[in-house]
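Asks: Dumping the structure here so I can ask a few things about it.
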């Protein structure tokens, strides 16, 4: 029985020949993403900016345009409506009302009165400004802590060049993913933070596989130019990387199409993260070893020899 291979086992693609172009594209994407994070900015959800969230099941499939116009006349500020699974399940988001908890309860009562009877109120949540600020801080700390711990892990397992290269690739993936969120204006909420942390884990796994083969080949091919050795290491792991990414994407696309609105934003970020993480492990993490001046040790002489780009 033959093993299925999407990529032949003896590929010799000159990945390092494109390293300058790839790094230029990556720098441009990072710069553009940072700009987009501020203008137009991320679409923070109720988790981060506070407000009222009401999930209702209507007796019949509603006209969202008419329903939105009806609720907009209540003077509650910004009101967002969205189908939440079935067509008769509606998620209503209302900006936080000035005042205390009584003001928020009053807004919910107004919505109840406007929608009338026969409506099943499945969930009502309030998020205050203090809680939302704490969530922003906790989410930021979680992502930064994950990146720092990855740096320490790679540094301990390999050398500092590998650790710095892996962390730069991780930062690249996170920043470019934030840029996509800013462009798409998908809601940035706690599920998005979870997706970013998952991307960090997936990306570092891909990078470690490539770096491990680089280290192995450094011992095996003691006279091979470093540029050729890096390309060979990527080719050696290309079949594994392709199969892992493809099978993960198949599952994610199924979840995106059939998983419902609840997890669609999370899955969308994950799909993008798998793609950009695979790209960065090949075209960012590996070329950075050259940029950082990785040294190879010649066993015959026992000395460190600097290999230029």
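Just so you know, all these numbers are worked out from the coordinates, no wet-lab data involved. Owing to the predicted nature of the structure, the values given are computational and were not obtained by experimental measurement. Here the Cβ positions follow ideal geometry from the backbone for every residue, glycine too, while neighbour counts run over all protein chains shown.
Asks: Who wins for biggest fluctuation among 72, 203, 239 in a Gaussian network model of the chain, springs between alpha carbons below 10 Å?
Replies: Maximum among the listed residues: 72.
Asks: With the cut-off at 1.5 for a/c, could you classify the stretch 156-201 from its C-alpha gyration tensor as rounded, prolate or oblate?
Replies: oblate
Asks: Given a 10 angstrom Cα cut-off, can you work out which residue in 156, 15, 256 is the most mobile in a GNM of the chain?
Replies: 156
Asks: Let me ask something else about it. State, to one decimal in nm, how far the label point of residue 258 lies from the label point of residue 120, with both points 7 Å from Cα in the Cβ direction.
Replies: Between residue 258 and residue 120, the label points sit 2.3 nm apart.
Asks: If you split all Cα-Cα distances of the stretch 51-127 into 5 Å bins from zero, what percentages do you get per bin, shortest first?
Replies: Taking all Cα pairs of the stretch 51-127, the binned fractions are 3, 16, 31, 28, 16, 5, 1 percent.
Asks: Given the C-alpha centroids of the stretch 74-125 and the stretch 173-224, what is the distance between them in whole angstrom?
Replies: The two parts, judged by their Cα centres, are 39 Å apart.
Asks: Continuing with the same structure: Return one number: the angle in degrees, 0 to 90 and rounded to the nearest 10, between the long axis of the Cα atoms of helix 261-283 and the longest principal axis of the Cα atoms of the chain.
Replies: Helix 261-283 sits at roughly 20 degrees to that axis.
Asks: To the nearest 500 deg cm²/dmol, what mean residue ellipticity at 222 nm is calculated for the chain from DSSP H runs of n ≥ 4 alone, each contributing -39,500 (n - 2.57), summed and divided by the residues?
Replies: -21500 deg cm²/dmol
Asks: Additional query: After finding the eigenvalues of the alpha carbon gyration tensor for the stretch 125-232, what semi-axes result from the square roots of 5 times each, listed largest first in whole Å?
Replies: 36, 14, 9
Asks: Determine, for each peptide in 275-287, 160-172, the mean count of other beta carbons within 10 angstrom over its residues, then list the peptides with the highest first. Write down the numbers at each step before the final one.
Replies: Numbers: 275-287: 24.2, 160-172: 22.1.
Most protected by this proxy first, the peptides run 275-287, 160-172.
Asks: Additional query: Sort 82-91, 36-45, 193-202 by packing, meaning the average of other beta carbons within 10 Å per residue, with the highest value first.
Replies: So the peptides 82-91, 36-45, 193-202, ranked by packing, come out 193-202, 82-91, 36-45.
Asks: To continue, here is another question. Could you state the angle between the C-alpha long axis of helix 19-36 and the longest principal axis of the C-alpha atoms of the chain, as a value from 0 to 90 degrees rounded to the nearest 10?
Replies: Orientation of helix 19-36: about 20 degrees from the principal axis.
Asks: Report, in whole Å, the centroid distance computed from the Cα atoms of the stretch 242-291 and the stretch 47-62.
Replies: Using only Cα atoms, the two centres lie 30 Å from each other.
Asks: Roughly what would the spin-label model give for residue 20 and residue 156, points 7 Å off Cα along C-beta, in nm?
Replies: Reported label-point gap for residue 20 and residue 156 is 3.9 nm.
Asks: If one computes the Cα centroid of the stretch 140-169 and of the stretch 12-43, what distance in Å separates the two points?
Replies: So the separation of the two Cα centres works out to 20 Å.
Asks: Follow-up. Take residue 60 and residue 243, extend 7 Å from each Cα along the Cα→Cβ direction, and tell me the distance between the two endpoints in nm.
Replies: 5.5
Asks: Kirkwood Rh over Cα pairs of the stretch 1-125 into Stokes-Einstein at 4 °C, 1.567 mPa s: D in µm²/s?
Replies: Translational diffusion coefficient: 69 µm²/s.
Asks: Pairing the Cα long axis of helix 129-157 with the longest principal axis of the chain, what angle in degrees results, from 0 to 90 and rounded to the nearest 10?
Replies: 10
Asks: Could you give the spread of the C-alpha atoms of the chain along their three principal axes, from largest to smallest, in whole angstroms?
Replies: 84, 48, 29 Å, listed from the longest principal axis down.
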